[in-house]
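Here the structure comes first, spelled out in structure tokens, and everything after it is commentary.
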Amino acid sequence: MSTTPQTPTAPIAEAGTVAVAVVALLAGAVAMGVSPVFVRYAEVGPFTSAFYRVTLALPLLALWARLESGGQSCPRWNRATVLAGLFFAGDLIFWHLAIVNTTMANATFLATMAPVWVLMGSGLFIGERVTRQMFFGLGFCLLGAGALVGSSVQLEPERLDGDLYGIITSMFFGAYFLAVRVARRHARPGLVLYRSTLITAAALFVAALVMENDFTPASWAGVAALIAVAVISHAGGQGLLAFALGHLSAGFSSLVIFLEAVAAAFFGWLIFSETLSPLQFAGGAAILVGIWVARPRPSKSNAADLAAPGAAPFTGVEQGPVAETGETASSPFETRP
């Protein structure tokens, strides 16, 4: 009597989850990349629009968090979630300061340095090993980002403050990736984004109150733009990012966000008739190549392990000694407040 060997289904299922997470990450990057279009029509100042972006998304995020809990009690707040909210507020605040004090091209290019900090901090702060493919992918993506905006970048002494704000923006966004990645070890994406957005909204309310005095859009078109940026770019874009960071490494995820710059350039061409040069098309292609090079894949040792019955599924993350345990990392993001 012969027996048919069973094919392990867990690795296949987990590979499917990773594929879904990658698609979610791509869609999230596009949703975040369209946000400048809505901000142009918002009819309020940049800090106020940032406040509305997160605040108007809160009802949707609260509903998401409630539905995904299935009636179960929610885990306690943790430091990573609080830091994620503060880091994202810092990202938006310094991004708008950079826009005001330097050229849009300078601000955009310097903000794309976020993956550099993510790759540097992944092993140092959250225990995730960064592969050579990720560094190669980062190189392609940086070249692509430079091609997208490089012809407009200007180095002028009077704009150094704004350029510094752009670098600080990238550091805050990089820290946000690391914090959300850790927060997702303890909670579902809706809860992580809802709680962190509460913190972000409080911080941005103070910033808008101090920096601006016009809180009301002049027309219904402005109201619609604010609702759109809240629903599409924050609840949609950041929500998909939060989901993906539960299944993909922070390093790879940060590289995919380079697509945000590609999407912004595309929507600028589509809606505002902004010209795209052959160099910019080449830059977009280089970013796509970089993401492909850095894509998650099992190592040879992991591939052999997956063939064994009862093996742990591949998660798309190159695990370091801390990431293997998931819950016991000695990360500064892990301690509860």
Item checked: Amide H partners (placed H, <5 Å) of E128, local residues excluded -> G123
Checklist line | Computed lengthening from L124 to L276, 0.36 nm per intervening residue step minus Cα-Cα distance | finding: 50.8 nm
Next item on the list: Take peptides 200-207, 180-187 and line them up by average Cβ neighbours within 10 Å, highest first, as a rough protection proxy.
Entry: 180-187, 200-207
Note to self: Need the C-alpha centroid separation for the stretch 200-218 versus the stretch 18-62, integer Å.
What the structure shows: 17
Item checked: Alpha-carbon centroids, the stretch 256-286 and the stretch 74-119: separation in whole Å -> 21
Notebook entry, point to check: Points 7 angstrom from Cα along the Cβ direction at C74 and V289: gap in nanometres?
Noted result: 4.5
Check: What is the list of residues in the stretch 17-48 whose amide nitrogen lies under 18 Å from a point 7 angstrom out from the Cα of A218, following Cα to Cβ?
Finding: 38-48
Margin query: Highest mean first, how do 249-255, 61-67 rank when packing is the count of other Cβ atoms within 10 Å averaged over residues?
Written below: 249-255, 61-67
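Read-outs: derived from the displayed coordinates by stated rules, not from any lab. Being a predicted model, the structure only gives us computed values, none of them experimental. Cβ coordinates were reconstructed from backbone atoms using ideal geometry, including for glycine residues, and neighbour counts include every protein chain displayed.
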